[in-house]
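Student: Quick one: structure below, then a few questions.
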Amino acid sequence: MHSETKPDNAMKMFDLNNMNYNDDMSAPCFAGMEFRKGYVAVLSKVRFYLGDKRGMSKYASITKFQGSSDGTTYTDLFTFDENVHTGWNYHEWEADKHPKYRFYRFYGAEKYSCAISEAELTGVETIDDTQDVHKCPPKLFVDGIEQSLTGDVTYSSANTALLSKISPRYGNVVGGDDVTFTGTGFSDKTEDYSIVIDGIPCVAKTASLTTVTCTTGKRPGLKNSTLEIMIAGKGLVSTQGKLFIYANYWSADTTWGGEFAPMEDESIYVPAGLNLVVDVDKSPLLKAVIVEG
């Protein structure tokens, strides 16, 4: 993490506490994150929390999010616009437009334009190598002691299954939905697959060299969304951050414990780990909606 004048300020943006904020008053100012040498971060989403410290005019058309390969020359990835507001703000990239840099930063040309309380970068840290084959020496530790090994581990894109699409992207928490995963390097044998969504097995029912379809199981409780697809003889599929979302639907009685859906002037609470899909044309005018996670 780095900052223009105060290194501790960058830490405040990534301390999981949106009550703290980067109080760097220099102009220009910047604060961001640096990844390991030889690696880059491929980002799919950035979110940032703005407190109502100085007003949104200090950010709109002034604060930028930038990326750099060398830490010296930066490219503007997006600029805060007139829609920025107090609380969490988001910026997402389409699948074929994910930025890939070693250095990322928020940059502001004016005083207080870097006063950001919290920031989160979502993506994948990967080796900065565009070759189809990559070799690296393995390391084995037993009881904390490194063991001597010979030879290299070879990673090959030709041997790596790649996920490109999930359909549908959402399914009911009660299970029973057929989900189709599309990609390359797949196996046409259903017995080769182990598919686990949010820790729940999804049993493969049909498969080809480009698709596999499984039927979801019931997902109880509150969990973060995860996806793991293992193919015998190939290893883990590169999911590229794609997820199938177990959801609770507004229109389903099970979402509300068998009771009626919320009515006008009532409040609802959505805890972390619960994905609520509002699948109705019009919802009632609620008193409050509290969302965590």
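Student: Among the listed residues Tyr112, Tyr107, identify the single one that is in the same structural domain as Asp76 (by TED's automatic domain parsing), in contact with a Lys or Arg (Cβ under 9 Å, 6 or more places away or on another chain) and at pLDDT 90 or above.
Tutor: Sole residue among the options that is in the same structural domain as Asp76 (by TED's automatic domain parsing), in contact with a Lys or Arg (Cβ under 9 Å, 6 or more places away or on another chain) and at pLDDT 90 or above: Tyr107.
Student: Please enumerate the residues belonging to region 257-276 that are in contact with a Leu (Cβ under 8 Å, 6 or more places away or on another chain) and either among the polar types (S, T, N, Q) or surrounded by 10 or more Cβ atoms within 10 Å (Cβ to Cβ) (or both).
Tutor: Pro262, Asp265, Glu266, Ser267, Ile268, Val270, Pro271, Ala272, Gly273, Leu274
Student: Please work out which residue is nearest to Ser156 (Cα to Cα), limiting yourself to region 234-262 and to residues that are touching a strand residue (DSSP E or B) at 6+ places or on another chain (Cβ under 6 Å) and of a type in the set (Gly, Ala, Ser).
Tutor: Here the residue is Ser238.
Student: Condition check: out of contact with any helix residue (DSSP H, G or I) (no Cβ under 9 Å at 6 or more places or on another chain), surrounded by 17 or more Cβ atoms within 10 Å (Cβ to Cβ) and under 30 Å from Thr160 (Cβ atoms). Does Leu243 satisfy that?
Tutor: no
Student: Out of Ser194, Ser187, Ser164, report the one residue that is touching a Gly at 6+ places or on another chain (Cβ under 6 Å), touching a residue at least 24 places away in the same chain (Cβ under 8 Å) and of a type in the set (S, T, N, Q).
Tutor: Of the residues listed, the single one that is touching a Gly at 6+ places or on another chain (Cβ under 6 Å), touching a residue at least 24 places away in the same chain (Cβ under 8 Å) and of a type in the set (S, T, N, Q) is Ser164.
Student: Can you name every residue in region 188-218 that is small (Gly, Ala, Ser), in contact with a strand residue (DSSP E or B) (Cβ under 7 Å, 6 or more places away or on another chain) and farther than 19 Å from Lys234 by Cα?
Tutor: Gly217
Student: Looking at region 210-221, can you tell me whether even one residue there is basic (Lys, Arg) and surrounded by 12 or more Cβ atoms within 10 Å (Cβ to Cβ)?
Tutor: Yes, that holds for at least one residue.
Student: Moving on. Find all pairs meeting these conditions: Cβ atoms under 8 angstrom apart; at least six residues apart or on different chains; first residue within region 127-147 and assigned by TED's automatic domain parsing to the domain that holds Tyr101 and more than 27 Å from Arg102 (Cβ to Cβ); second residue modelled with pLDDT of 90 or more and among the hydroxyl-bearing types (Ser, Thr, Tyr).
Tutor: Once the first residue is assigned by TED's automatic domain parsing to the domain that holds Tyr101 and more than 27 Å from Arg102 (Cβ to Cβ) and sits in region 127-147, no partner that is modelled with pLDDT of 90 or more and among the hydroxyl-bearing types (Ser, Thr, Tyr) comes close enough.
Student: Something else now. Of the numbered conditions (1) free of Cβ contacts under 8 Å to residues at least 60 places away in the same chain; (2) of a type in the set (D, E, K, R); (3) closer than 18 Å to Leu77 by Cα, Arg105 fails exactly one; give the number of that condition.
Tutor: Going through (1) free of Cβ contacts under 8 Å to residues at least 60 places away in the same chain; (2) of a type in the set (D, E, K, R); (3) closer than 18 Å to Leu77 by Cα one by one, Arg105 breaks only (1).
Student: Then there is this: Taking region 47-78 as the region of interest, how many residues are among the β-branched types (Val, Ile, Thr) and within 18 Å of His98 (Cβ to Cβ)?
Tutor: Qualifying residue count for the region: 1.
Student: Still on this structure, please answer the following. Restricting the search to region 53-82, which residues are among the charged types (D, E, K, R) and assigned to a strand (DSSP E or B)?
Tutor: Within region 53-82, Lys64, Asp76 meet the criteria.
Student: Of everything in region 242-259, what is touching a residue at least 40 places away in the same chain (Cβ under 8 Å), within 17 Å of Pro271 (Cβ to Cβ) and not aliphatic (A, V, I, L, M)? Give them in sequence order.
Tutor: Tyr246, Asn248, Tyr249, Thr254
Student: Which residue, of Val277, Val289, is within 21 Å of Trp88 (Cβ to Cβ) and free of Cβ contacts under 8 Å to residues at least 24 places away in the same chain?
Tutor: Val289
Student: How many of the residues making up region 25-58 are of a type outside the set (A, V, I, L, M, F, W, C) and either under 12 Å from Thr86 (Cα atoms) or touching a Ser or Thr at 6+ places or on another chain (Cβ under 7 Å) (or both)?
Tutor: Adding up the residues that qualify gives 12.
Student: So for region 8-19 (the condition being modelled with pLDDT of 65 or more, part of a strand (DSSP E or B) and of a type in the set (D, E, K, R)), does at least one residue qualify?
Tutor: Within region 8-19, not a single residue is modelled with pLDDT of 65 or more, part of a strand (DSSP E or B) and of a type in the set (D, E, K, R).
Student: Then there is this: Considering only strands (runs of 3 or more DSSP E) fully contained in region 180-226, which possess at least 2 residues that are of a type outside the set (Gly, Ala, Ser) and under 22 Å from the mean Cα position of the chain (by Cα)?
Tutor: Where strands (runs of 3 or more DSSP E) fall fully within region 180-226 and carry at least 2 residues being of a type outside the set (Gly, Ala, Ser) and under 22 Å from the mean Cα position of the chain (by Cα), they are 193-197.
Student: If you take the residues of region 29-52 that are in a loop (DSSP other than H, G, I, E, B) and loosely packed, with under 14 Cβ neighbours inside 10 Å, which of them is modelled with the lowest pLDDT?
Tutor: Asp52
The values are calculated or read from the model by the stated rules, or taken from the named source; none is laboratory data. A quick note: this is a predicted structure, and the numbers were derived from the prediction, not measured. Cβ atoms come from the backbone with ideal geometry, glycine included; neighbour counts cover every protein chain shown.
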